[in-house]
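Taking it in order: structure first as structure tokens, then the write-up.
The values are calculated or read from the model by the stated rules, or taken from the named source; none is laboratory data. Please read all numbers here as calculations on a predicted model, not as lab measurements. Positions of Cβ are backbone-derived with ideal geometry, glycine not excepted, and every protein chain shown enters the neighbour counts. Each accessible area value is taken on the protein alone, full model and side chains, heavy atoms only, with ligands, DNA and RNA left out. Shrake-Rupley method; radii C 1.70, N 1.55, O 1.52, S 1.80 Å.
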Amino acid sequence: MKIAKYLSPKTLVVEEVEDPSIQSNEVKIKSIISGISHGTEMNVYRGVAPFFHKKYDRQTRLFIQSAQNDTWKYPVRSCDPGVWYMGYSNVGTVVEAGKEVNDIKPGDIVYSAGPHQSIVVKPASDVIKLPDSVNPECGIFLTNLMTAYNGILDSPIKLGDTVVVSGLGVLGQTIVQMAKMSGAFQVIGIDLFDLRLQTALENGADYVFNPMTCKDIAYEVRKLTKNKGADLVIEVTGNQKALNEAIRIAAPGTTVTALGWYQGASTNLDLSEEFHHNRVNIRSSQTGAVDPAISHMWNRDRRLESCLELLSRLRLENLLTHKVSYDNISHAFQIVDENPKEVIQVALTY
């Protein structure tokens, strides 16, 4: 089978290795398509993910300095044990099932958090059969959709709200659509790139703004809301300046939901003005959990069931802007890294 291998930051190659065997509780999957994460995976591609020099301690839930043998180091192969960060959005066809597997059979089209490689072996319990109503290519959005859906659950939208979505990549595009489904009368999108702005309008946004051409988006939102500001801002970019602008856009006493991973020290975040005077709340949303107040009802199984339904309801085909052959994986990552204005989702085909 073909696997991906990092030799160093931004140096990614394809290698041939022997096909893995399966255990009695596992299935073997022949990959059809896998989606590249434009967030976490790009931090790995660039070599800036914290795991290269820190360890995440699961007991304290803190990033701590760690011994050299506890950090990631090159070379890294997609098939190595514990390597979850070289692809986790894979759709393929089951070609073999272990003798203990009853609910998945050869020929089924399935999603798994599998890596970028031509063959994936997973426990059957970790594999999700895609509904017949779902385009297999759209199945790669399930990972991101789970994150975006958590953001919606962490951001209770009231009927008639004005919701601003900052960042119109895959997460933002799905949040625009789900905000409308949740009752927002007015959804406003913000992004630096015209392709994403136009796509957001196609997907239901009422207005869009580009910070490069709009001098003061917070002021423009005030004009659209009779000077109130947004009832809710969902910030998806992971950019400190964008988070600061989200605070300015929010109405007094409201909340900014932050889905992004904000790298480095917050030198561009100013908490002395609108944040302080308007009593704006910032809430972190992350894919692994939801608001404890609703977690007893919205456990992972229910969230997954909802997202499988949403794969059929949301407009997703126009988000898949690039499909690149797996043998050209290095070029695919280069597109994401160097040409963000031209892409929404880059996928690898097998």
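Give or take rounding to whole Å, what are the principal axis extents of the alpha carbon atoms in segment 174-297, in descending order?
Taking the Cα atoms of segment 174-297, the three principal extents are 38, 35, 30 Å.
Charges on Cβ only, +1 for Lys and Arg, -1 for Asp and Glu, centred on the Cα centroid of segment 231-339; of Phe333, Leu269, Leu311, which one is farthest towards the dipole's positive end?
Leu311
Just going by the charge dipole of segment 71-111, with Lys and Arg at +1 and Asp and Glu at -1 on Cβ, which of Val76, Thr93, Ile109 is farthest out on the positive end?
It is Val76.
So what J values fall out for segment 102-112 if you push phi through Karplus, 6.51 cos²θ - 1.76 cosθ + 1.60 with θ = phi - 60°, rounded to Hz, Gly and Pro as x?
10, 9, 10, 9, x, x, 5, 8, 10, 9, 8
Just how large is the dipole of the chain about the Cα centre, in debye to the nearest 20, putting +1 at every Lys and Arg Cβ and -1 at every Asp and Glu Cβ?
Dipole magnitude for the chain comes out near 600 debye.
Debye sum, Cα scatterers, segment 120-240, no solvent: what log₁₀ I/I(0) at q = 0.12, 0.14, 0.17, 0.18 1/Å?
At q = 0.12, 0.14, 0.17, 0.18 Å⁻¹ the computed log10 ratios are -0.48, -0.62, -0.85, -0.93.
Taking all pairs of distinct Cα atoms, average 1/r, flip it, and tell me the Kirkwood hydrodynamic radius of the chain in Å to one decimal place.
Taking the inverse mean of 1/r over all distinct Cα pairs, the chain comes out at 21.3 Å.
How are the alpha carbon pair distances in segment 152-209 distributed across 5 Å bins from zero to the largest one, expressed in percent?
5, 24, 37, 21, 11, 3
Could you run the Karplus curve 6.51 cos²θ - 1.76 cosθ + 1.60 with θ = phi - 60° over segment 150-167 and give me ³J(HN,Hα) per residue in whole Hz, x for Gly and Pro?
Once θ is set to phi - 60°, the couplings for segment 150-167 become 4, x, 5, 5, 7, 10, x, 9, 9, 4, x, 5, 9, 10, 9, 10, 9, x Hz.
Using amide H atoms built in the peptide plane, which far-off residues or other-chain residues are under 5 Å from Gln345 H to H?
Correct list: Thr321, His322.
In degrees, nearest 10, range 0 to 90: what is the angle between the Cα axis of helix 240-249 and the longest Cα principal axis of the chain?
Long axis of 240-249 versus the principal axis of the chain: about 40 degrees.
Check which residues have an amide H placed less than 5 Å from Phe209's amide H, if you skip close sequence neighbours.
Those lying under 5 Å, H to H, from Phe209 are Gly189, Ile190, Asp191.
Given a cut-off of 21 Å, name the pairs among Lys30/Lys323; Lys2/Lys99; Lys28/Lys73; Lys99/Lys129 whose C-alpha atoms lie farther apart than that in the structure shown.
In this structure, Lys2/Lys99; Lys28/Lys73 lie more than 21 Å apart at Cα.
Do the sum for the chain: with -39,500 (n - 2.57) for every DSSP H run of n ≥ 4, divided by all residues, what is the mean residue ellipticity at 222 nm, to the nearest 500 deg cm²/dmol?
Calculated at 222 nm, the ellipticity per residue is -7000 deg cm²/dmol.
Per residue, how much accessible area does the chain have with a 1.4 Å probe, in Å²?
Solvent-accessible surface per residue comes out at 48 Å².
Quick one: among Gln59, Gln23, Gln198, which has the greatest mean-square fluctuation in a GNM of the chain with alpha-carbon springs under 10 angstrom?
Gln59
Using a simple charge model, +1 on the beta-carbon of Lys and Arg, -1 on the beta-carbon of Asp and Glu, nothing else, what dipole does segment 204-345 show about its Cα centre, in debye to the nearest 20?
The dipole of segment 204-345 has a size of about 440 debye.
Just tell me which lysines come within less than 27 Å, Cα to Cα, of Lys228; anything on the same chain fewer than 8 places away is out.
Partners found: Lys158, Lys180, Lys215, Lys241.
State the antiparallel share, in %, of DSSP beta bridges confined to segment 75-221, rounding to the nearest 5.
Roughly 45 percent of the DSSP beta bridges within segment 75-221 come out antiparallel.
For segment 26-39, what does the Karplus curve 6.51 cos²θ - 1.76 cosθ + 1.60, with θ = phi - 60°, yield as ³J(HN,Hα) per residue in whole Hz, taken in order and with x for Gly and Pro?
Along segment 26-39, the couplings run 10, 10, 9, 10, 8, 5, 9, 7, 9, x, 7, 6, 7, x Hz.
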